[in-house]
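Data first, discussion second: the structure below is written as structure tokens.
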Amino acid sequence: MKHTHRISLTVNGRPVETEVEDRLHLADFLRRELKLTGTHLGCEHGVCGACTVLVDGRAVRSCLMLAVQARGSDVTTVEGLAAEDGTLSPLQEAFREHHALQCGFCTPGMLTSLTAFLRDNPAPTDREVREAISGNICRCTGYQPIVAAALAATGDEAIEGEN
Amino acid sequence: MGVRYFGAEVRRVEDPRLVTGKGRYVDDIELPGMLEAVMVRSTEAHARIRSIDAAAARALPGVHAVFTLQDFPAEYHDRPMVQPYPAPVLLQPTTQHPLARDEVCFVGQAIAIVVAETRHIAEDAAGLVAVDYEPLPAVVDCREAVKTDAPLAHAGSPDNIVARLRVAFGEVETAFADAAHVFEERFLQHRGGCHAMECRGVIAEDRPLHDGLTIVSATQCPYLVRRNVAAYLGRDEGRVRVVAPDVGGGFGPKAGVYAEEIVVPLAAAALGRPVKWIEDRREHFVTTNTQRDQEWTLEAAVDADGKLLGVRGRVIHDNGAFVPYGLLLPMTSLTPLPGPYAVPALDVAMDVVFTNTAPNSPIRGAGRPNAAFAMERLIARVARELDLDQAEVRRRNYVPADGFPYDTGQKFRDGSAIKYDSGDFEGCLDKVVELSGYAGFAERQAEARAEGRYLGIGVSSCIEDTGVGPYEGATVRVQPDGKVQIQTGAASQGQGHETMLAQVCADRLDVALEDIYVRAADTGAFPQGVGTIGSRVAVNASTAVFDAAESVRDKALQLAAERLEASVEDLEVEDGVIGVAGVPEMKVTYGELAKQLAPMAGGPLPKGFSPGLEATSYRTSEGMPTASGSNIAEVEVDIGTGEVRVLRYSVAHDCGKMINPMMVDGQIVGGVVHGIGNALFERLVYDEAGQPLNNNYGEYLLPIATEMPPIAVTHQETPSPFNPLGIKGAGEGGTIPATAAVVAAIENALEPFDVVIRSYPVSPEELCDLIEGGGASERSA
Ligand code: FES
Ligand code: FES
């Protein structure tokens, strides 16, 4: 038996009102229903962090949350990080500048996780940034350039081991 | 010609789409009328299938079909998949049926495909398919599989031997007879799974009355998939189009051809609708090719000064349940064996065996990290026995800087000699010794020891044979608006090929990087290609782009000379504008010339010119450029918990001329982290019955940010004489030596306990046992 619920929420600043199946997780809702395919699924068991989105400002694994649970909340995905006119956020710019992405599959989750982290920790250390992304797996970059990008986005470019 | 981009840390042209969520990976693509598929997979490691009951699944609303092999046309019922890399030495080139026929040989093997309106419905239905198994004995450990009385991985086969390989050169017997010392080492290597963050995925659409079959796949090798699938289905290659869109990491296993690349097209053809299948992570663990155990027994013959005279030994290689990828993985474990060392004689044999586990094919570096680990183990042993410094023992054994080109003594399949083109191995070592503060380590170690902390340092050197041929191609085409299109077959999985190829092209044509765009990895757009494996794209595709761009430039200059009534020698190009030197008003743009060369009906084509301002080249490197590197790892081991922390990691790498040093560093650092993961974390565990035990990221550990050290990278640039750009591949040089460096560092830290590590990944429990017990590690698979 298919059970559905009516939900309304805000996604990247736009109001959304729709009917969702109760078992639909938030990531599938964003990807399939709203066609916001920037949110990626890397494990669907809550470890890789690729699916991270911001729900009321908090970094949340959208594979572990049901769409119905997002009722009434304000969701930001990677598509919502740049300004309306397309200007990249300082963190997105820093990712480019520091080669913090290769295949780009973990990138949406890294960006959303770090966006929330840097808002709450505007002057982190290398260690703190690493802790902040310890729930995000990247197979390509070795993390170092991601840490460099995060620190650069705060204006502090110093990172051990970079040369 | 100006050089503005080659060698510059140009920001990637791929990034704007990828940082904004606008990438287009397989699962992001939706076609009109598309259905979704889920595979039913074996839950048994080895069994005969008595029956499959799909009635309940078929009855579920929203299900369009459930196919077993018997539900496909009869011609496929007895047709195993086509071996992509046949070789005469393959004693049993066994490939699987795309859906199991009557026997399953590993947990995860595909048995049926369920196609439904949505993925959710397909998952529900897959759970309703009942498979009745008659269990058969399974063999899981390659060291068991090689024995004559071992259970057979395939019922009815003569034994479990896939192939017996041997690499030999020089006078090995003499080397051992003359040796001052002979040392034997035995160890087990294990490299784990692929774990690209994007799993595999396939979309197929068959339009028999239009353009035929289109397959979108997260593949590294669209042309191999085209060849293989066309051969299997009995179709014309010209009517099979394979496209790799944005791909979220490859690392080797996505280079193969998989059952789903055949089954999804068959389902799409039968239903007359596009069908999408996306692998989930649990499936990835059990069905995407892995790279598991190799047991090595090696002996080194050494003179009194610690110089290697000869190496001999035997390897058992676990190939898993099938041979999905010829012998490329086991062969690459043997041929690079001498590494950076001048070894006069070598004789190593390998038994490649079947087990009832996921099939094996290369993962980043293929067998090269295994070969490097093996040689580095011997070198470490020599250093320990003769009380030589880790750096010094290597200096004594390297191929000398004036010894290039160096003939290793081995031959390629075509009989030509395997040669290292260029390098300076000692120069690289000097650089990493400097970078890592090697000279001050003894002091750091002593200070730490005084506080009861155990620091260790490990050195590792390697070579990497890169850029394997035979070719990759490129078309460079100037459009009438002056933009330049590059088309190539070479697929990218995040390496930044678009940027790299644009850099090479921009310099050659003297146009701005922003005016170039790249279209890659679509067999419908570019006729031939090979694929992205073995650090080969920079070497092969850049050379082709370089050559094609040169032809385009020549053609443009010829036409411009006519148009401007000047001689070619008097022309200069800047930013896409060709002008007569010293006469500013005499100029024409590439775009105007392109338009002139592509007239519409009745328009004149300049005399003596073919249409289009474009050229295609398949020019390639003359041989396999040899990259090299030396790494130094510094670790701390907690002797109470067995925890290893890598404190710092230093790399000196030589991949010849670098097109984009930022991207090279990206390859190196990412590769090192993969190698550290192999040393410390990544272990696929199967129980004795062949059941995989750790198919999730809670239990299968991948390297994460907090566990990784700062990684410092420096470069030496020894240009390759094999290609006009002087480049060598860089994709795997970080991974190849890393595991050996970390393991050596752990042993160095635990010298007071005489710890010798005989297997990786090294777990804290094992280290605790070793510290308590002294002596060497042993591990069952
Ligand atoms: S997909 Fe959600 S954490 Fe991996
Ligand atoms: S950039 Fe590929 S997984 Fe992070």
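Segment B:1-47 and segment B:576-651 have Cα centres spaced 21 Å apart. The calculated 222 nm mean residue ellipticity attributable to helices in chain B amounts to -8000 deg cm²/dmol, summing -39500 (n - 2.57) over DSSP H runs of n ≥ 4 and dividing by all residues.
In Å, what Kirkwood hydrodynamic radius results for segment A:4-80 from the alpha-carbon pair distances? Write out the running numbers ahead of the final one.
On the way: mean 1/r = 0.0835 Å⁻¹.
Computed over Cα pairs of segment A:4-80, the Kirkwood hydrodynamic radius comes out at 12.0 Å.
Per-residue shielding of B:20-30, expressed as the average number of other chain Cβ atoms within 10 Å of the residue Cβ, stands at 6. Put the Cα centre of segment B:689-764 next to the Cα centre of segment B:175-241 and the gap is 23 Å. Between B:GLU173 and B:VAL568, the modelled label-to-label distance comes to 6.1 nm, taking each label 7 Å out from Cα in the direction of the beta carbon.
Report the normalised scattering of chain B as log10 I(q)/I(0) at q = 0.05, 0.11 Å⁻¹, calculated by the Debye formula with identical scatterers on the alpha carbons. At q = 0.05, 0.11 Å⁻¹ the computed log10 ratios are -0.28, -1.22. Computed from Cα atoms alone, the Kirkwood hydrodynamic radius reported for segment B:74-227 is 20.8 Å. Karplus-derived 3J(HN,Hα) values for segment B:438-449, using 6.51 cos²θ - 1.76 cosθ + 1.60 with θ = phi - 60°, are 4, 4, x, 5, 3, 5, 4, 5, 5, 4, 5, 4 Hz; glycine and proline are entered as x. Between the beta carbons of B:ARG207 and B:ASN696, assuming R0 = 41 Å, the FRET efficiency works out to 0.55 to the nearest 0.05. For a modelled paramagnetic label at A:SER8, 7 Å from Cα along Cα-to-Cβ, the residues of segment A:68-84 in reach, with backbone nitrogen under 18 Å, are A:68-75.
With contributions of -39500 (n - 2.57) from each DSSP H run of at least four residues, the per-residue ellipticity at 222 nm computed over chain A stands at -7000 deg cm²/dmol. In segment A:90-159, the convex hull through the Cα atoms has an average projected area of 3.8 nm², a quarter of its surface area. Take each residue in B:669-675, count the other chain C-beta atoms within 10 Å of its C-beta, and the mean is 5.
Within segment B:516-585, the ratio Rg/Rh, alpha carbon atoms throughout and Rh by Kirkwood, equals 1.14.
If r is the Cβ-Cβ distance from B:GLU451 to A:GLU128 and R0 is 22 Å, what FRET efficiency results, to the nearest 0.05? Display every interim value, and only then the final one.
Numbers: r = 26 Å, r/R0 = 1.17.
Here the calculated transfer efficiency is 0.30.
Near B:ARG207, the amide H atoms lying under 5 Å from its own belong to B:GLY212, B:LEU213, B:THR214; only residues 5 or more places off or on other chains count, and H is placed 1.01 Å from N. The average projected area of the protein assembly as shown, computed from the convex hull of its Cα atoms over all directions, is 41.0 nm². Subtracting the Cα-Cα distance of B:VAL3 and B:GLN558 from 0.36 nm times their residue separation leaves 197.6 nm of extension gain.
Return the equivalent ellipsoid semi-axes of segment B:155-211 as a descending list in whole Å, where each equals the square root of 5 times an eigenvalue of the C-alpha gyration tensor.
Numbers: eigenvalues 468, 78, 52 Å².
Equivalent ellipsoid semi-axes, largest first: 48, 20, 16 Å.
Karplus-based coupling profile of segment B:19-26, in residue order and whole Hz: 8, 10, x, 9, x, 10, 8, 3, with θ = phi - 60° in 6.51 cos²θ - 1.76 cosθ + 1.60 and x standing for Gly or Pro.
For B:658-665, what's the mean count of beta carbons from other chains sitting within 10 Å of each residue's beta carbon?
On the way: counts 0, 0, 1, 0, 4, 2, 0, 6.
Taking all residues of B:658-665 together, the mean is 2.
Simple spin-label estimate for B:GLU443 and B:ASP387 gives 2.4 nm between the two label positions (7 Å along the Cα-to-Cβ direction from each Cα). Calculate the spin-label point distance for B:THR706 paired with B:LEU31, positioning each point 7 Å from the Cα along the beta-carbon direction, and give it in nanometres. It is 4.5 nm. Taking every C-alpha pair closer than 8 Å and separated by at least 6 residues, the mean separation divided by the residue count of chain A gives a relative contact order of 22 percent.
All of the numbers you see were taken from the coordinates with simple rules; none came from a lab. Predicted model only: the values in this text are computed from it and were never measured. When we count neighbours, we look across all protein chains shown, and the Cβ atoms used for this are built from the backbone with ideal geometry, even at glycine.
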